[in-house]
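For reference, the structure discussed in these notes is given below.
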Amino acid sequence: MNVIVSCGKAKQRGPCQAGKMYTGSYSKGCLRWALSVTDWHNVFIMSAKYGLLPLSKIIAPYDITWGDVGCADVRTIKQQAQDMKIKSPVVMVGGSRYRKIAEQVWDVVHAPLIGIGGMGHQLAWLKNNRGRMPVQFVSGVSSEESEE
């Protein structure tokens, strides 16, 4: 299963691999969890500037967020997903903005951080669940079905 991880505001100062660009604790926690449940080639970063990124892609730092001029749009991300053969279902690890974009790209988006609480609670969940993919995601039950 492919895991999509949100980008972050804190970044390296110069160009580097996307998997090493984001230096904030939230971005690092999301990436660490993703790499604990699947192989690195199944993990992609959703970047406000570049769209979908494989971890090995060299990128330059940027200061753009969703909604800014020059940010990636849903159409671009859909095309990137098609080009990289990233199909449903996917697991989206990040904030609600990222989840909402992911839900416009893929038919089935599992979001383990829904309803967990703020960033601190989410980071704790990511740490406590390293190496464990939630059973409902493996069995094909969507996050919406599991919340009912």
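What follows draws every value from the coordinates through simple rules; no lab data is involved. Model, not experiment: these values are computed from the prediction. So basically every Cβ, Gly included, is an ideal-geometry build from the backbone, and we count neighbours across all protein chains shown.
Can you tell me what share of the DSSP beta bridges in the chain is antiparallel? A percent to the nearest 5 is fine.
Of all bridge pairs located within the chain, approximately 40 percent are antiparallel.
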The chain - mean residue ellipticity at 222 nm from DSSP helices (-39,500 (n - 2.57) per run, n ≥ 4, rounded to 500): -10000 deg cm²/dmol
Starting with the highest mean, order 29-36, 80-87, 110-117, 14-21 by the number of other Cβ atoms within 10 Å, averaged over the residues of each peptide. 29-36, 110-117, 14-21, 80-87
Below 13 angstrom from the Cβ of residue 62, what's the summed charge of the other residues (Lys, Arg +1; Asp, Glu -1)? +2
Quick calc, the chain, dipole around Cα centre from Cβ unit charges on Lys, Arg (+) and Asp, Glu (-), nearest 20 debye, gives 680 debye
Taking the radius of gyration and the Kirkwood hydrodynamic radius from Cα positions alone, what is the Rg/Rh ratio for the range 22-99, to two decimal places? 0.93
Using only the Cα atoms of the range 79-128, each taken as one equal point scatterer with no solvent, compute I(q) by the Debye sum, divide by I(0), and report log10 of the ratio at q = 0.16, 0.19, 0.21, 0.25 Å⁻¹. -0.49, -0.64, -0.74, -0.91
Can you check what the net charge comes to around residue 104, using other residues whose Cβ is under 12 Å from the Cβ of residue 104 (Lys, Arg +1; Asp, Glu -1)? +2
Dipole size in debye (nearest 20) for the range 1-86 around its Cα centre, Lys and Arg Cβ +1, Asp and Glu Cβ -1? 180 debye
For the range 1-52, what's the radius of gyration and Dmax over Cα atoms, in angstrom? 10.3, 32
What is the spread of the Cα atoms of the chain along each of their three principal axes, largest first, in whole Å? 41, 30, 27
Note, the range 3-12: 3J(HN,Hα) by Karplus (6.51, -1.76, 1.60, θ = phi - 60°), whole Hz, Gly/Pro = x, goes 10, 9, 10, 6, 7, x, 6, 6, 9, 4
